[in-house]
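All remarks here apply to the structure that follows.
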Amino acid sequence: MDKNIIFSPKQLEVIYRPYDYTFDVLEGTPRSGKTTAAHFRLADYYSWCRDTNHLLVAYNQEQAYRLFIDGDGTGLMHIFDGLYDIKHDEHGSHLQLHTPTGIKKIYYKGGGKSNSVGAITGMSLGSVAFGEINLLHMDMIQECFRRTFAAQDRYHLADLNPPAPHHPVIKEVFEVQNTRWTHWTIQDNPIITEERKKEIYEILSKNPYLLQRDWFGKRVIPSGVIYSMFDLEKNVIPKLEGRKIEMYFSGDGGQGDATSIACNIVTRHQGKKRTYDYKLNRVAHYYHSGNDTGQVKAMSVYAKEIKKFILWCEKTYEMRRTEVFIDPACKSLREELHLLGISTSPANNNAHDVNGTSKGIEVGIERLQNAMTNEYFVLVEQENNEYDHYNFLKEVGMYMRDAKTGKPVDADNHSLDECRYSNNYFYKRYVL
């Protein structure tokens, strides 16, 4: 680990402030340095606290490890370099730290699903750190606070980008706990150069919503969010229900941009207005972004990983696929899949659709909006972290319209594009 890390005044204040609140919330823009401060704040706490067991929780276990333990080079494993082991016991995987006050077990778990709370039932914890707390299931959040009631040095920490002003985590968690809230912007990150700040500002300033949220770090009402009707209560179910009718895949590809492939299962149910109703169940998701990870993969590599994903889905759900729809613009991905024996068809990307005054992509958007509103479209919670819905859930709250033109902004839409493709097929085959 780099021993010459430069901290901003705000980072230093957060790391060394007294522990006179039981809950520190670090909320602000991406690239603001808040998570790095969280790493060192936690390391300080673990070094002196008297409790042995602690928890790191994010949407899934992989995210918990990435956000807190690795942390892009400043996480706990780097701070405690040479003083930790990765272990596993009856409570799960954990980072075992050797500290001046004895061994500390830092468990890391996923908390984004309805059954996540079962992973910590019966545990007694000294502290909990929440990564992207606004993406976690509320039952898991509340149970985490209960698990620390008997702690000797009770403490909690959360970081998040600004949620919508009405997000339940604000009233049900932040305003209930003994909370100290700290606001962050990109100005609080000492490693971001003035040149890079200018570049980021110029990008964000083109959209008033993004400027307020990702530059000023404000909670703003995302009036332009396209799929604002998506409901975490109504459009997410814990397990597949109904009679399975068909499995098919939909995909959109890129190298710098994300490659996104979803497994879709159509189920049949007793109808309300007709004999049978059908639902489009998004059960699993392959997603990789070269820009986000810094690792750009060749299309041949994507094709091999997608084939593995397809075969895993078929085995897991005991079905054979009928179709693999890929965006017609992704010719290279289709060719690579064909070489591996995976036949594909061009997805209906709405290029030629007209419905009243709506044309093109707007037709597909309206169809998917209706499917969400009428609960024909649902996410089925996925236990396999590699193929869960983390990236879809991040995009669905960010994909929006340009405030000036009213047209969809071509960003945060990779999984939503292929979701639209899958719904186009579902709509024409099972709804019309």
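The values are calculated or read from the model by the stated rules, or taken from the named source; none is laboratory data. Keep in mind that this is a model prediction, so the values were computed, not measured. Neighbour counts are summed over all protein chains in view; Cβ atoms, including those assigned to glycine, are modelled from backbone coordinates with ideal geometry.
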**Message:** Need the failing condition index for residue 393 against (1) farther than 24 Å from residue 224 by Cβ; (2) in contact with a helix residue (DSSP H, G or I) (Cβ under 8 Å, 6 or more places away or on another chain); (3) of a type outside the set (Lys, Arg), just the number.
**Reply:** (1)
**Complete:** Residue count, region 380-406, condition at pLDDT below 90 and not in a helix (DSSP H, G or I), comes to 10
**Request:** Restrict the check to region 361-376 and report whether at least one residue is outside any helix (DSSP H, G or I) and either in contact with a helix residue (DSSP H, G or I) (Cβ under 8 Å, 6 or more places away or on another chain) or at pLDDT 95 or above (or both).
**Result:** yes
**Request:** Evaluate region 76-83: report whether one residue or more is aromatic (Phe, Trp, Tyr), surrounded by 20 or more Cβ atoms within 10 Å (Cβ to Cβ), assigned to a helix (DSSP H, G or I) and modelled with pLDDT of 95 or more.
**Result:** no
**Message:** Looking at region 311-318, can you tell me whether even one residue there is more than 12 Å from residue 248 (Cα to Cα), in contact with a Lys or Arg (Cβ under 6 Å, 6 or more places away or on another chain) and free of Cβ contacts under 8 Å to residues at least 12 places away in the same chain?
**Reply:** no
**Request:** Looking for whichever is modelled with pLDDT of 95 or more, touching a Leu at 6+ places or on another chain (Cβ under 6 Å) and buried (at least 22 other Cβ atoms within 10 Å of the Cβ) here; the options are 67, 26, 55, 42. Which one fits?
**Result:** 55
**Message:** I need the full set of residues from region 332-344 which are in a helix (DSSP H, G or I) and loosely packed, with under 15 Cβ neighbours inside 10 Å, in order please.
**Reply:** 335, 338, 339
**Asked** Quick check, is residue 193 of a type in the set (Val, Ile, Thr) and out of contact with any Phe, Trp or Tyr (no Cβ under 7 Å at 6 or more places or on another chain)?
**Response** yes
**Asked** How about region 110-154: which of its residues are among the charged types (D, E, K, R) and either in contact (Cβ under 8 Å) with a residue 60 or more places away in the chain or not assigned by TED's automatic domain parsing to the domain that holds residue 168 (or both)?
**Response** 113, 132, 147, 153, 154
**Prompt:** Is one or more of the residues making up region 357-379 without any contact (Cβ under 8 Å) to a residue 60 or more places away in the chain, in contact with a strand residue (DSSP E or B) (Cβ under 7 Å, 6 or more places away or on another chain) and under 26 Å from residue 240 (Cα atoms)?
**Reply:** yes
**Asked** Which of the residues spanning region 269-296 are touching a Lys or Arg at 6+ places or on another chain (Cβ under 9 Å), more than 19 Å from residue 413 (Cα to Cα) and either without any contact (Cβ under 8 Å) to a residue 12 or more places away in the chain or among the small types (Gly, Ala, Ser) (or both)?
**Response** 276
**Prompt:** Within region 233-249, is even one residue under 24 Å from residue 324 (Cα atoms), buried (at least 22 other Cβ atoms within 10 Å of the Cβ) and at pLDDT 95 or above?
**Reply:** yes
**Fill in**
Within region 155-195, restricting to residues that are in contact (Cβ under 8 Å) with a residue 60 or more places away in the chain and β-branched (Val, Ile, Thr), the one that is surrounded by the fewest Cβ atoms within 10 Å (Cβ to Cβ) is 191
**Complete:** Among 347, 298, the single one that is of a type in the set (Gly, Ala, Ser) and surrounded by 13 or more Cβ atoms within 10 Å (Cβ to Cβ) is 347
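Residue by residue, here is whether (1) of a type in the set (Asp, Glu); (2) part of a strand (DSSP E or B); (3) in contact (Cβ under 8 Å) with a residue 40 or more places away in the chain; (4) in contact with a His (Cβ under 8 Å, 6 or more places away or on another chain) holds:
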residue: 197; (1), (2), (3), (4): no, no, no, no
residue: 202; (1), (2), (3), (4): yes, no, no, no
residue: 218; (1), (2), (3), (4): no, no, yes, no
residue: 229; (1), (2), (3), (4): no, no, yes, no
residue: 244; (1), (2), (3), (4): no, yes, yes, no
**Prompt:** Any residue at all in region 407-423 that is buried (at least 19 other Cβ atoms within 10 Å of the Cβ), part of a loop (DSSP other than H, G, I, E, B) and among the β-branched types (Val, Ile, Thr)?
**Reply:** yes
**Request:** Output the number of residues of region 272-294 satisfying the condition of being at pLDDT 85 or above and either among the basic types (Lys, Arg) or not assigned by TED's automatic domain parsing to the domain that holds residue 393 (or both).
**Result:** 2
**Request:** Give 228, 250 a once-over and let me know the one that is under 19 Å from residue 367 (Cα atoms), in contact with a Pro (Cβ under 9 Å, 6 or more places away or on another chain) and polar (S, T, N, Q).
**Result:** 228
**Item:** Considering residues of region 157-195 that are within 30 Å of residue 125 (Cβ to Cβ) and part of a helix (DSSP H, G or I) only, the residue modelled with the lowest pLDDT
**Value:** 168
**Request:** Would you be able to say whether some residue in region 144-159 is of a type in the set (Ser, Thr, Tyr) and farther than 22 Å from residue 385 by Cβ?
**Result:** yes
**Message:** So, residue 79, is that one free of Cβ contacts under 8 Å to residues at least 60 places away in the same chain and of a type in the set (Val, Ile, Thr) or not?
**Reply:** no
